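Have a look at the structure below before the remarks.
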Amino acid sequence: MAELRLPKNSRVQEGKHWKHEGDSDNLKTFRIYRYDPARDALPRMDTYSLDLDDCGPMVLDAILKIIDEIDPSIALRRSCREGVCGSCAMNINGTNQLACLCHIDDLGEGPVRLSPLPHLDVIKDLVGDLRRLYAQYESIEPWLKNDQAEPERERLQLPEDRDKVDEDSKCILCFCCATSCPSYWWTGDKFLGPAILLQAHRWLVDSRDDRTGERLDALDDTFKLYRCHTIMNCTSACPKGLNPSKAIADTKRMLARRR
Ligand code: SF4
Ligand code: SF4
Ligand code: FES
């Protein structure tokens, strides 16, 4: 029979169990991925019990309470605590989402399992390595390129032109989408992935930008753009309700129209 599990020395190990001290009828278990490549041979899952009667309602509140009161060695990224900075993105019970917008009560019974965004190298614990994604973001030159004389005041846009960039502008670069995209898992070194392609689309449809043709030339590539096979995991994963798949389809349409 085929062996469908990872080899034994590649499986995540069982880690330490930090039990709650004292009485509570409202205990919740959190299983947190722990790995420090500089020190550990293998990753492990540590288990923490928390009294939810003495904890904020969000998953991020729980992690910060664990760090403050039980185990200060857990590494994670976070800043705004309100779904704006994108830094607390992680995999929660198998789904990429923002820890600060995820209600513990919505996760149902049973332990809450927390791990870094999938298919990234792990820097430590819940912190994935985003350097390649940032380099890809830089590669699309995400700034306004306007050949007109410097205006004396802001460059105005008609409301209908502003509407065209409105949705893409709400992207917080959390990368929940890119790390849930099978095409990006397997060819992320060449495929730009949904987050970066949505950002590229934001500049393609900006009425103030004069380099649409040049930007399309740069995207017209078998791997950079056309590795998207419209599986749409990205759109389901976006915690801001955005639609990277639609932005990618529109970019392909813009390229097809000018052929
Ligand atoms: S629609 Fe494209 S970018 Fe989105 S998950 Fe599928 S392959 Fe990836
Ligand atoms: S499109 Fe959504 S999931 Fe993707 S990076 Fe932007 S906000 Fe995050
Ligand atoms: S902490 Fe900023 S999005 Fe969660």
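The values are calculated or read from the model by the stated rules, or taken from the named source; none is laboratory data. Source: prediction; values computed, not measured. With ideal geometry, Cβ positions are generated from the backbone for all residues, glycine too; neighbour counts draw on all protein chains shown.
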Note on the range 223-244: residues near ligand 2 (Cβ under 10 Å from one of its atoms) and surrounded by 16 or more Cβ atoms within 10 Å (Cβ to Cβ) are Cys234, Thr235, Ala237, Cys238, Pro239, Lys240, Leu242, Asn243, Pro244
By residue number, the members of the range 125-178 that are part of a helix (DSSP H, G or I), more than 15 Å from ligand 2 (Cβ to nearest atom) and aliphatic (A, V, I, L, M) are Ala135
Subset of the range 109-142, residues free of Cβ contacts under 8 Å to residues at least 60 places away in the same chain, under 18 Å from Arg215 (Cα atoms) and of a type in the set (A, V, I, L, M, F, W, C), comes to Ala135
Among residues of the range 94-112 being crowded, with 17+ Cβ neighbours inside 10 Å and not aliphatic (A, V, I, L, M), the residue farthest from Met58 (Cα to Cα) is Asn96
Listed by first then second residue, the pairs whose first member lies in the range 31-52 and is under 14 Å from Lys65 (Cα atoms), whose partner is part of a loop (DSSP other than H, G, I, E, B) and β-branched (Val, Ile, Thr), with beta carbons under 7 Å and at least 6 positions apart or on separate chains, are Ile32/Ile74; Tyr48/Ile70
In the range 77-93, anything out of contact with any Phe, Trp or Tyr (no Cβ under 7 Å at 6 or more places or on another chain) and within 16 Å of ligand 1 (Cβ to nearest atom) is listed as Asn91
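Just for the range 179-197: of the residues that are in a loop (DSSP other than H, G, I, E, B) and crowded, with 16+ Cβ neighbours inside 10 Å, which one is farthest from ligand 3 (Cβ to nearest atom)?
Step one: of the range 179-197, the residues in a loop (DSSP other than H, G, I, E, B) are 181, 188-192.
Checking the rest, the ones that are also crowded, with 16+ Cβ neighbours inside 10 Å come to 181, 188, 191-192.
Values: Cys181: 20, Gly188: 22, Phe191: 25, Leu192: 22 Å.
Looking at residues that are in a loop (DSSP other than H, G, I, E, B) and crowded, with 16+ Cβ neighbours inside 10 Å, I get Phe191.
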Only one of (1) at pLDDT 95 or above; (2) of a type outside the set (S, T, N, Q); (3) out of contact with any Asp or Glu (no Cβ under 9 Å at 6 or more places or on another chain) does not apply to Arg258, and that is (1)
By residue number, the members of the range 13-56 that are in contact with a helix residue (DSSP H, G or I) (Cβ under 8 Å, 6 or more places away or on another chain) and either under 16 Å from Lys124 (Cα atoms) or polar (S, T, N, Q) (or both) are Ser24, Asn26, Ile32, Leu42
The strands (runs of 3 or more DSSP E) lying entirely within the range 1-94 that contain at least 1 residues which are closer than 22 Å to Phe175 by Cα are 27-34, 89-92
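Condition first: within 16 Å of ligand 3 (Cβ to nearest atom), part of a loop (DSSP other than H, G, I, E, B), farther than 26 Å from Glu154 by Cα and modelled with pLDDT of 95 or more. Can you find one or more residues in the range 207-229 that meet it?
no
May I ask you to list the residues in the range 98-108 that are of a type outside the set (A, V, I, L, M), farther than 14 Å from Glu82 by Cβ and touching a residue at least 12 places away in the same chain (Cβ under 8 Å)?
Looking only at the range 98-108, we keep the residues that are of a type outside the set (A, V, I, L, M), and these are 100, 102-103, 105-106, 108.
Next, only the ones that are farther than 14 Å from Glu82 by Cβ stay: 105-106, 108.
Matches in the range 98-108: Asp105 only.
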